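Participant: Once you've had a glance at the structure underneath, I'll fire off some questions.
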Amino acid sequence: MGMLRDVARRLPEPVKQLIRSALPVPPAEPAQPAKEDKTRTYVAAGAAPTHSIHDLGPLSALWLRETIAAYSNGSKAQQNATSVAIFNEVSKYPGGAGDILTPYVGARYGKHPLYKQIAAAHMLGTGDYRAAFDALQALAIERKTPFDAAMAAWPLMRPASREQEALDYLDRQCEIFPDDLVLRVHLATALYCTRQTARATDEITRIKDGLDAILSDGYGQHLIELRAELDKALRDKTIYRRFNFDETSYREDLIDNHWEPYFHWMTTQSEHVMFGWLNRLFANKLADLGGGIDEVYNFGVMCAQPDSEAATKLPGTKFIGVDRQRTTAALNKLAYPLPNMTFFGDEIENVLARLAIGPTRSLFHARTTTLCYPEKVRQLYRTCAAKGFRRIGLFENIALSHDTYRFYDMGGDIENASTIYKSDQFIHDYRVLLEEAGYRITKEERMFSPLITPFSEIDLGSVHVYLEAELNL
């Protein structure tokens, strides 16, 4: 038998396939009836695409033909998940759609919804959000599904300063599809962005049962454990936090796997979506914080692409990036060898403790303190005040709590100034914490989170706030 196996291994693959085709086919296992979860019928996380955008390399007519075939044979959830995956990719890298958006391909496939979605994603990725919205809205009117209605909102929910327009559109769609979960969450998110917090929470209360169905099982148990962790941290005034990411992403020997994708995304994605948009926003805010200031400290810098752009614009200001890992500092030094940039792999409090009072300074942090215990944030701001930091700017989540199903205003609305957001993250009342430390708020901007498409169940209700504060002198 062993000799036969050796002979079989050496046979050419076409011969092997011919032999296999002649063998009897074993009886198939009886199909088990699938459990239908109505809350996941079009949430992207509920189904994987049947055909990846990467399967055939660059976008092409051949890729589109095979993708449309797979799309036609998939379930509704798979079709919608495929649409989400393709829309994300094309809007991030619109230049890759050039081989599809041609007269020939348009004449052959132009009436198919995937083609229309690709065209709209290209419009959004190149900055024409109005044309993208119009194209997706026309498709939503044609197809009359809540998925398409929600998809049409995405161009309005990505760029900042279009929150009211998104709210008006979502209000109308919720009248057409009053029982749709995702549209209701999007509506609540838009209400919160336009500072209608009470009504936003009312919308969430209406769909609590649907959210329970999504945010339950293992994730629900995780939230219970996270609540207990926060309660203990508040009680003990704990500063340092260690959690799963410290072993899976943030470990010294693993952090380059986390840093390099950020570097790639920030330097290649369209500035109209996700990391390209974040890079532009952060660079602008860092430059604002550095105007007339000697030193700008970025707590949780990760990839310092935005800092390098601000440092190039302000050669007389020193930009200091601080992150816990020494590897992160080393990677940033390699990527950004500017004379007015410095990096530390250390805890932020250790770096600040070594500072002498004298130079004028600002602090910036983005998508960082949501992972920190409240006492660390409180002490960080107090230390900044003691060291004479003139300005603090932050871009962090202030969103729908997956624990309490509430949106919160800053300024005393959150008990103990911190609560659960989602996953391993917290929501902090930055206004309270900054004012306690002796700062006054000079700017507050609420905006939709910079997700490509706000369609993952774990990101439902995601909102960010940008705050600036000045030290009371």
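The values are calculated or read from the model by the stated rules, or taken from the named source; none is laboratory data. What you see is a predicted model, and the numbers here were worked out from it, not measured in a lab. Cβ placement follows ideal geometry from the backbone for every residue including glycine, while neighbour counts extend to all protein chains displayed. Only protein heavy atoms, including side chains, enter the accessible area calculation; ligands, DNA and RNA are left aside. Shrake-Rupley method; radii C 1.70, N 1.55, O 1.52, S 1.80 Å.
Participant: Could you please tell me which pairs satisfy a Cβ distance under 9 Å, a separation of 6+ or placement on different chains, a first residue in the stretch 364-390 that is within 13 Å of residue 470 (Cα to Cα), and a second residue that is open to solvent by 30 Å² or more (accessible area, probe 1.4 Å) and of a type in the set (Ser, Thr, Tyr)?
Facilitator: From residues that are within 13 Å of residue 470 (Cα to Cα), the pairs are 389/383.
Participant: Give the residue that is nearest to residue 89 (Cα to Cα), with candidates limited to residues of the stretch 266-286 that are touching a strand residue (DSSP E or B) at 6+ places or on another chain (Cβ under 9 Å) and open to solvent by less than 10 Å² (accessible area, probe 1.4 Å).
Facilitator: My answer is 278.
Participant: Still on this structure, I have one more. For residues in the stretch 328-345 being in contact with a strand residue (DSSP E or B) (Cβ under 7 Å, 6 or more places away or on another chain) and not hydrophobic (A, V, I, L, M, F, W, C), which is farthest from residue 372 (Cα to Cα)?
Facilitator: Result: 340.
Participant: Here's a follow-up. Applying the selection to the stretch 420-473, what residues are polar (S, T, N, Q) and buried (at least 21 other Cβ atoms within 10 Å of the Cβ)?
Facilitator: If the condition is that a residue be polar (S, T, N, Q) and buried (at least 21 other Cβ atoms within 10 Å of the Cβ), then 453 is the only one that fits.
Participant: So in the stretch 430-473, with the set limited to residues that are hydroxyl-bearing (Ser, Thr, Tyr) and part of a strand (DSSP E or B), which one is farthest from the chain's Cα centre (by Cα)?
Facilitator: 439
Participant: Any chance the stretch 201-222 includes a residue that's without any contact (Cβ under 8 Å) to a residue 24 or more places away in the chain and of a type in the set (A, V, I, L, M)?
Facilitator: No: zero hits.
Participant: Which of the residues that make up the stretch 154-168 are out of contact with any helix residue (DSSP H, G or I) (no Cβ under 6 Å at 6 or more places or on another chain), assigned to a helix (DSSP H, G or I) and surrounded by 23 or more Cβ atoms within 10 Å (Cβ to Cβ)?
Facilitator: 154
Participant: More than 25 Å from residue 418 (Cβ to Cβ), open to solvent by less than 60 Å² (accessible area, probe 1.4 Å), at pLDDT 95 or above and hydrophobic (A, V, I, L, M, F, W, C): does that describe residue 187?
Facilitator: yes
Participant: Is there a residue being under 20 Å from the mean Cα position of the chain (by Cα), charged (D, E, K, R) and buried (at least 18 other Cβ atoms within 10 Å of the Cβ) anywhere in the stretch 366-375?
Facilitator: yes
Participant: Counting only residues that are at pLDDT below 60, loosely packed, with under 11 Cβ neighbours inside 10 Å and of a type outside the set (D, E, K, R), give me the helices (runs of 4 or more DSSP H) lying completely in the stretch 12-131 with at least 2 of them.
Facilitator: Output list reads 13-22.
Participant: Looking at residue 370, is it at pLDDT 95 or above, within 30 Å of residue 222 (Cβ to Cβ) and in contact with a strand residue (DSSP E or B) (Cβ under 7 Å, 6 or more places away or on another chain)?
Facilitator: yes
Participant: On to the next question. Which of the residues belonging to the stretch 392-416 are open to solvent by less than 20 Å² (accessible area, probe 1.4 Å) and out of contact with any Leu (no Cβ under 6 Å at 6 or more places or on another chain)?
Facilitator: 395, 396, 397, 398, 399, 400, 401, 408, 414
Participant: Return a yes/no flag: does the stretch 394-414 have any residue that is in contact (Cβ under 8 Å) with a residue 40 or more places away in the chain and more than 26 Å from the chain's Cα centre (by Cα).
Facilitator: no
Participant: Restricting to the stretch 239-265, name every residue that is within 16 Å of residue 424 (Cα to Cα) and either open to solvent by less than 40 Å² (accessible area, probe 1.4 Å) or within 20 Å of the chain's Cα centre (by Cα) (or both).
Facilitator: Correct list: 241, 243, 244, 245, 246, 248, 249, 250.
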